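Single-structure report; data block below.
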Amino acid sequence: MVSIITVNYNGANDTCEMIESFRKHETYTDYEIIVVDNGSSNPAEVPYIKARCPEAMVIQSTNTGFAGGNNTGIRQAHGDYIFCLNNDTIIKAPILEPLVARLQEGRTGAVSPMIRFSYPPYDIQYYGDNRMTPITLRKTTPPYDTAHQEQYSVAHPTEVLHGAAMMLRRDAIDQIGLMYEGFFLFYEEFDWSYLLSEQGYDIWYEPKAVVYHKEGQTIGKITPTRRQFLSRSRIIFARRHLNGLNKMLSCSYLLSIVLTRDIINFVRKGRFDLALAAIKGSWSGICAQL
């Protein structure tokens, strides 16, 4: 069985569109859908989802962040495979069978599908991802090449999952643990990916399964909330996964060079709210208890 876990926060319509896309297109029959309402401010959210999507189990929770919401769902899941899927996604063809098949191979512990943006020209958002550079924590994944898209149709091992759609074997989760709730938002997929690799599991990108992502439906693409948690979680990630001198250098780099650069850029654009959010997030990341 596959347990599909999705977190809803004031996004009932998106959540139901995702569930209805599985109802319409998915041919794999052994799956359940668990919706965790993460403290939506609108009291009508849960009744609306239950009425429109009666096949889903809906759990009401307080807002414990992306990780906390998924963990609540995982604790109630019955599946051998746990599929954490953003509520702002849809499918247009079956996806579960190729993902399950990939997880049944060797030491594969987790897999993410191809992820395309849900609006034209439907560019590929995720085609596998690489680890970040040590100390600076910069992305190292080659940029998307629209002229040579055929390369993205080949399944391959990868280093990092995508948080919008990632399926893991339950026994792998039992070994590495649930999502780390200290992030609240962002970097959970990097955290899980690094832990999987440390335990000897392989991670795969599977393009036979395609998910379409609306992206940014919950907190927006450029908001103070997003900036605050990005800054915060980046520092927490460095503190969790780097050691010794590398940890000290990385935190110093993030607090001096990166934060200063961000503040200057935001102030130049008149976005004092984003500058303040970056400061608050960085300070919170340093002070957070791990």
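The values are calculated or read from the model by the stated rules, or taken from the named source; none is laboratory data. Predicted model only: the values in this text are computed from it and were never measured. As a convention, Cβ positions derive from the backbone with ideal geometry for all residues, glycine included, and neighbour counts pool all protein chains shown. Quick note on the areas: whole protein, heavy atoms, side chains included, nothing else; ligands and nucleic acids left out. Shrake-Rupley method; radii C 1.70, N 1.55, O 1.52, S 1.80 Å.
Key figures for this structure:
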{"read-out": "Length-normalised contact order for the range 145-217 - Cα pairs under 8 Å, 6+ apart - percent", "value": "48"}
{"read-out": "Column: log10 I(q)/I(0), Debye, Cα scatterers of the range 6-72, q = 0.23 Å⁻¹", "value": "-0.95"}
{"read-out": "Rounded to the nearest 20 debye, dipole of the chain from Cβ charges on Lys, Arg, Asp, Glu", "value": "1240"}
{"read-out": "Pairs of lysines in the chain (C-alpha under 30 Å apart; 8 or more residues apart or interchain)", "value": "26"}
{"read-out": "Dipole-positive endmost among Gly106, Ile279, Pro54 within the chain (Cβ charges, Cα centre)", "value": "Ile279"}
{"read-out": "Angle between the chain longest axis and helix 244-253 axis [Cα atoms, degrees, rounded to 10]", "value": "80"}
{"read-out": "Relative contact order computed over the chain (Cα-Cα under 8 Å; 6+ residues apart), in percent", "value": "20"}
{"read-out": "Loop sites in the range 1-35: chymotrypsin sites (Phe, Trp or Tyr not before Pro), DSSP, at most 15 other Cβ within 10 Å", "value": "Tyr28"}
{"read-out": "Shape parameters for the range 217-287, alpha-carbon atoms, Rg then Dmax in Å", "value": "12.4, 38"}
{"read-out": "Scattering profile of the range 112-179 at q = 0.14, 0.21, 0.25, 0.29 Å⁻¹ [log10 I(q)/I(0), Debye over alpha-carbon scatterers]", "value": "-0.54, -1.03, -1.22, -1.35"}
{"read-out": "Formal net charge of residues neighbouring Lys214 (Cβ-Cβ distance under 10 Å; K, R +1; D, E -1)", "value": "-4"}
{"read-out": "Loop-located GluC sites (Glu not before Pro) in the range 26-109, at most 11 other Cβ atoms within 10 Å (DSSP)", "value": "Glu55, Glu105"}
{"read-out": "With Cα atoms, 0 to 90° folded angle of helix 224-241 axis to the chain main axis", "value": "80"}
{"read-out": "Within the range 38-105, chymotrypsin sites (Phe, Trp or Tyr not before Pro) in DSSP loop having at most 13 other beta-carbon neighbours inside 10 Å", "value": "none"}
{"read-out": "Accessible surface, per residue, of the chain when the full set of protein chains is kept, probe 1.4 Å, Å²", "value": "45"}
{"read-out": "Net dipole in debye of the range 86-188 [+1 Lys, Arg Cβ; -1 Asp, Glu Cβ; about Cα centre; nearest 20]", "value": "80"}
{"read-out": "Top positive-direction residue, dipole computed over the range 141-275 with Cβ charges, set Ser193, Phe229, Thr158", "value": "Phe229"}
{"read-out": "Percent carbon-and-sulfur accessible area, the range 139-258, ignoring ligands, DNA and RNA, probe 1.4 Å", "value": "53"}
{"read-out": "Ratio of the Cα radius of gyration of the chain to 2.2 N^0.38 Å, where N counts its residues", "value": "0.99"}
{"read-out": "Using alpha carbons only: equivalent-ellipsoid semi-axes of the range 30-114, gyration tensor based, whole Å", "value": "26, 15, 11"}
{"read-out": "Total charge dipole magnitude, the range 145-290, about the Cα centre, Cβ charges on Lys, Arg, Asp, Glu only, Debye to nearest 20", "value": "880"}
{"read-out": "Helix 259-268 axis, angle to the chain major axis (alpha carbon atoms, nearest 10°)", "value": "90"}
{"read-out": "Cut-off 12 Å between beta-carbons: net charge of the residues surrounding Ile115, Lys and Arg +1, Asp and Glu -1", "value": "-4"}
{"read-out": "Helix-only [θ]222 nm of the chain, DSSP H runs n ≥ 4, -39500 (n - 2.57) each, per residue, nearest 500", "value": "-12000 deg cm²/dmol"}
{"read-out": "Compactness relative to 2.2 N^0.38 Å, alpha carbon Rg of the range 162-205", "value": "1.08"}
